[in-house]
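The values are calculated or read from the model by the stated rules, or taken from the named source; none is laboratory data. What you are looking at is a predicted structure, and each value in this text was computed from that prediction instead of being measured. FYI the Cβ positions are ideal-geometry reconstructions off the backbone, even for glycines, and counts take in every protein chain you see. Just so you know, the surface numbers come from the protein's heavy atoms only, side chains and all, with ligands and any DNA or RNA stripped out. Shrake-Rupley method; radii C 1.70, N 1.55, O 1.52, S 1.80 Å.
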Amino acid sequence: QVQLVESGGGLVLPGGSLRLSCAASGISIRINTMDWYRQAPGNQREMVARISSGGRINYADSVKGRFTISKDNAKNTVYLQMNSLKPEDTAVYYCADGQTKYWGQGTQVTVSS
């Protein structure tokens, strides 16, 4: 059974940082592309960042230069380091496999003063 468990969300001031984690079980991130998505109220879910099995990385234009996706194959965990956070980054953040077959439960990120 595949499980993706996100953690690390919370309330942060504009300009602040958070680090999200996605602990995977039942699926190897070593051989799978992994994505971070987010969904704000009233908006469609959008992909934020992607890391391939070989380490190729892509970002949404809205987060380039501020967010960094990484992974630890030994821990089977994917990370999203978010810096210079803005109120418009407020959303529920999800991790998923590259085929969007499996999803985590999401973690809330709120950027507000």
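Brief remarks on what is shown
- Pick from the range 69-96, criterion farther than 21 Å from Ser53 by Cβ and among the aliphatic types (A, V, I, L, M), ranking: farthest from the chain's Cα centre (by Cα): Leu85
- Residue list for the range 67-91, restricted to those being closer than 14 Å to Gly9 by Cβ, in contact (Cβ under 8 Å) with a residue 60 or more places away in the chain and not hydroxyl-bearing (Ser, Thr, Tyr): Leu80, Gln81, Met82, Leu85
- Only one of Lys86, Lys101, Lys64 that is surrounded by fewer than 20 Cβ atoms within 10 Å (Cβ to Cβ) and at pLDDT below 95: Lys101
- Thr110 meets all of the listed conditions (1) more than 13 Å from the chain's Cα centre (by Cα); (2) in a strand (DSSP E or B); (3) crowded, with 20+ Cβ neighbours inside 10 Å but one, namely (3).
- Only one of Ala40, Ala74, Ala49 that is at pLDDT 95 or above, out of contact with any Gly (no Cβ under 6 Å at 6 or more places or on another chain) and open to solvent by 70 Å² or more (accessible area, probe 1.4 Å): Ala74
- Meets criteria (part of a loop (DSSP other than H, G, I, E, B) and of a type in the set (S, T, N, Q)) for Gln44: yes
- Residue in the range 13-37 that is nearest to Lys101 (Cα to Cα), counting only those that are open to solvent by 20 Å² or more (accessible area, probe 1.4 Å), in a strand (DSSP E or B) and not hydroxyl-bearing (Ser, Thr, Tyr): Ala23
- Filter result (open to solvent by 60 Å² or more (accessible area, probe 1.4 Å) and hydrophobic (A, V, I, L, M, F, W, C)) within the range 1-12: Val5, Leu11
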